[in-house]
Amino acid sequence: MSHESLVDKTVDQFQKNSGVFRGFRRNHAKGVCISGYFASSGKAARYSAAQVFAPGQRTPVVGRLSIPGTNPYSWDDSTPIRGMALKFTQANGEQWRSAMNAVPAFPVATPQANYEFLKAQQPDPATGKPDPKKMARFFASHPRADAFREWVVTTKPSASFATERYNSLDTFMLVDAQGERHAVRWSMLPEATADGEQVPADEPDFLADDLRRRLANGPLRWQLSITLARPGDPINDASRPWPADRPHIDAGTLVLRASQPQKNGSCRDINFDPTVLPAGIELSDDPLLLFRKKVYAVSHRRRTREQAQLHGTTQAPAPQTSS
Ligand code: HEM
């Protein structure tokens, strides 16, 4: 029986599933750095005392757009899943980090079930693909993962990061000036629409190319939509979406002005640990959150050590923000 923790076993399993790529993230390895700012509408200020939500506040943001998997050379059309990670640095020095996904629900609720899902996806050496029997067994014993599976199977990979909606999936608590806690999830809703877009054939890196082209014509925008839970909504289970009629707060606009390759970009060495929160935003009881903190730290430690071995420095490139 192995004494390795579930945290290390999980990171090792990512590596078993799609390989070790030294210096790269152990998930969402392929990505591009972004920068810009968040302009608050002031509408979330009555639910959260965080400075980022104060009326008229502009907060600089550095982030990363990505696709999942450990392979930084994957083709962009190999998955419909896209990720957006953001680090907001408030004027008072506090940070808010968030890593969101385009999927509408996470496949599992707990770290153990997540590990079992990763194990089921390990390629069979005979075929180079996951064993369909193991996958079927996993889905039979985790019926809630069906929503995720259905989305992945029926969703075509998009041609652009700019037209995606990105969701927190995990629940967080907004804390207002009176100390009252409000359970929420949030999404970044794109201004750009996907009408008539086509994924180009035989181009592995079309997402970064598309982003560069769009940003050359001007900034890209998303609305931060914060959804409030009703009593009884699941706040500790990211595999269960909330009913669509829940109230939303239009908290403000994310404006992206520039992108950089991650190789020497300002996001390269950032750990977008979703538990780094400013006063006014707190963790919920969702068990994935504290687990993600530990897993991302192990991934970050492995990749920054490797970066130092490969390039002889642990020096991160200077952050570039614009406001
Ligand atoms: C148990 C659940 C999860 C595990 C084990 C996991 C694991 C990981 C790991 C190892 C990384 C690389 C971290 C780094 O080196 O900086 C990562 C990145 C990421 N994860 Fe997760 N993750 C989980 C849940 C989620 C959820 C629920 C979301 C979205 C709602 C998410 C979105 C992302 C994104 C967008 C990135 C890329 C961040 C970046 O650009 O640096 N993950 N994840």
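The values are calculated or read from the model by the stated rules, or taken from the named source; none is laboratory data. Nothing here was measured: the structure is a model prediction, and the numbers come from that model. Note: ideal-geometry Cβ built from the backbone for every residue, glycine included; neighbour counts use all protein chains shown.
Here are a few things to note about the model shown:
- Candidates are the residues of the stretch 240-256 that are in a loop (DSSP other than H, G, I, E, B) and touching a residue at least 24 places away in the same chain (Cβ under 8 Å); the one that is farthest from His142 (Cα to Cα) is Trp242.
- Some residue of the stretch 187-201 being within 13 Å of the ligand (Cβ to nearest atom), modelled with pLDDT of 95 or more and in contact with a strand residue (DSSP E or B) (Cβ under 7 Å, 6 or more places away or on another chain): yes
- Of all residues in the stretch 180-227, those that are surrounded by 15 or more Cβ atoms within 10 Å (Cβ to Cβ) and in a strand (DSSP E or B) total 17.
- In summary, Gln15 fulfils each of the numbered conditions (1) crowded, with 18+ Cβ neighbours inside 10 Å; (2) of a type outside the set (D, E, K, R); (3) out of contact with any helix residue (DSSP H, G or I) (no Cβ under 8 Å at 6 or more places or on another chain) with the single exception of condition (1).
- Qualifying residue in the stretch 305-320 (condition: surrounded by fewer than 20 Cβ atoms within 10 Å (Cβ to Cβ), within 13 Å of the ligand (Cβ to nearest atom) and modelled with pLDDT of 95 or more): yes
- Top-ranked residue in the stretch 74-90 [being within 8 Å of the ligand (Cβ to nearest atom) and closer than 25 Å to Asp202 by Cα; ranked as surrounded by the most Cβ atoms within 10 Å (Cβ to Cβ)]: Met84
- Identity of the residue in the stretch 144-164, within 12 Å of the ligand (Cβ to nearest atom) and under 15 Å from the mean Cα position of the chain (by Cα), that ends up surrounded by the most Cβ atoms within 10 Å (Cβ to Cβ): Phe161
- Among the residues of the stretch 91-136, the ones that are farther than 27 Å from Lys156 by Cβ, in a loop (DSSP other than H, G, I, E, B) and either in contact with a His (Cβ under 7 Å, 6 or more places away or on another chain) or more than 9 Å from the ligand (Cβ to nearest atom) (or both) come to 7 in all.
- Among the residues making up the stretch 165-176, a single one is within 16 Å of the ligand (Cβ to nearest atom), within 15 Å of Asp285 (Cα to Cα) and either without any contact (Cβ under 8 Å) to a residue 40 or more places away in the chain or part of a strand (DSSP E or B) (or both): Phe172.
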